1. I'm trying to understand the selection: among the residues of segment 44-74, which are open to solvent by 80 Å² or more (accessible area, probe 1.4 Å), at pLDDT 90 or above and either part of a loop (DSSP other than H, G, I, E, B) or touching a helix residue (DSSP H, G or I) at 6+ places or on another chain (Cβ under 7 Å) (or both)?
2. For segment 8-40, which positions are over 9 Å from the mean Cα position of the chain (by Cα) and open to solvent by 60 Å² or more (accessible area, probe 1.4 Å)?
3. Please work out which residue is nearest to residue 52 (Cα to Cα), limiting yourself to segment 1-28 and to residues that are modelled with pLDDT of 95 or more and acidic (Asp, Glu).
4. Considering only residues of segment 8-24 that are part of a loop (DSSP other than H, G, I, E, B) and among the hydrophobic types (A, V, I, L, M, F, W, C), which is nearest to residue 47 (Cα to Cα)?
Amino acid sequence: MDKIICYCKNISEAEIRSAMDKGATSLQDIKDTTGACTGSDCKTLNPLGKCCADDIRQILGEQKSEKPKCCCCG
């Protein structure tokens with residue numbers, strides 16, 4: 001079973017990597033191509049109670065932000 005990264009939209013790591021294979025290089029690209037990080041229920045749907053933005057940035061190879069910016073919390 002593939003690891004779910006975005007619980008709001010049920011987007012897996014494989015879907016994110018597939019988007020990267022097709023040219024996605026930023027969090028915004030991932031949002032646009034998969035819909036990941038565009039939900040509004042991170043804190044309730046994700047078992048860790050956190051936003052997927054930093055997890056997506058990590059997959060992209062970007063540095064985690066000092067202050068995580070949540071896709072649904074501002």
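1. If the condition is that a residue be open to solvent by 80 Å² or more (accessible area, probe 1.4 Å), at pLDDT 90 or above and either part of a loop (DSSP other than H, G, I, E, B) or touching a helix residue (DSSP H, G or I) at 6+ places or on another chain (Cβ under 7 Å) (or both), then 47, 48 are the ones that fit.
2. 9, 10, 15, 17, 21, 22, 25, 28, 32, 33, 40
3. Only one residue fits best here, namely 13.
4. Step one: filter segment 8-24 for residues part of a loop (DSSP other than H, G, I, E, B), giving 8-10, 22-24.
Right, trim to among the hydrophobic types (A, V, I, L, M, F, W, C) and you get 8, 24.
Working: 8: 11, 24: 26 Å.
Looking at residues that are part of a loop (DSSP other than H, G, I, E, B) and among the hydrophobic types (A, V, I, L, M, F, W, C), I get 8.
The values are calculated or read from the model by the stated rules, or taken from the named source; none is laboratory data. Predicted model, so just to flag it, every value in this text is computed and none were measured. As a convention, Cβ positions derive from the backbone with ideal geometry for all residues, glycine included, and neighbour counts pool all protein chains shown. Keep in mind that these areas ignore ligands, DNA and RNA; they rest on the heavy atoms of the full protein, side chains included. Shrake-Rupley method; radii C 1.70, N 1.55, O 1.52, S 1.80 Å.
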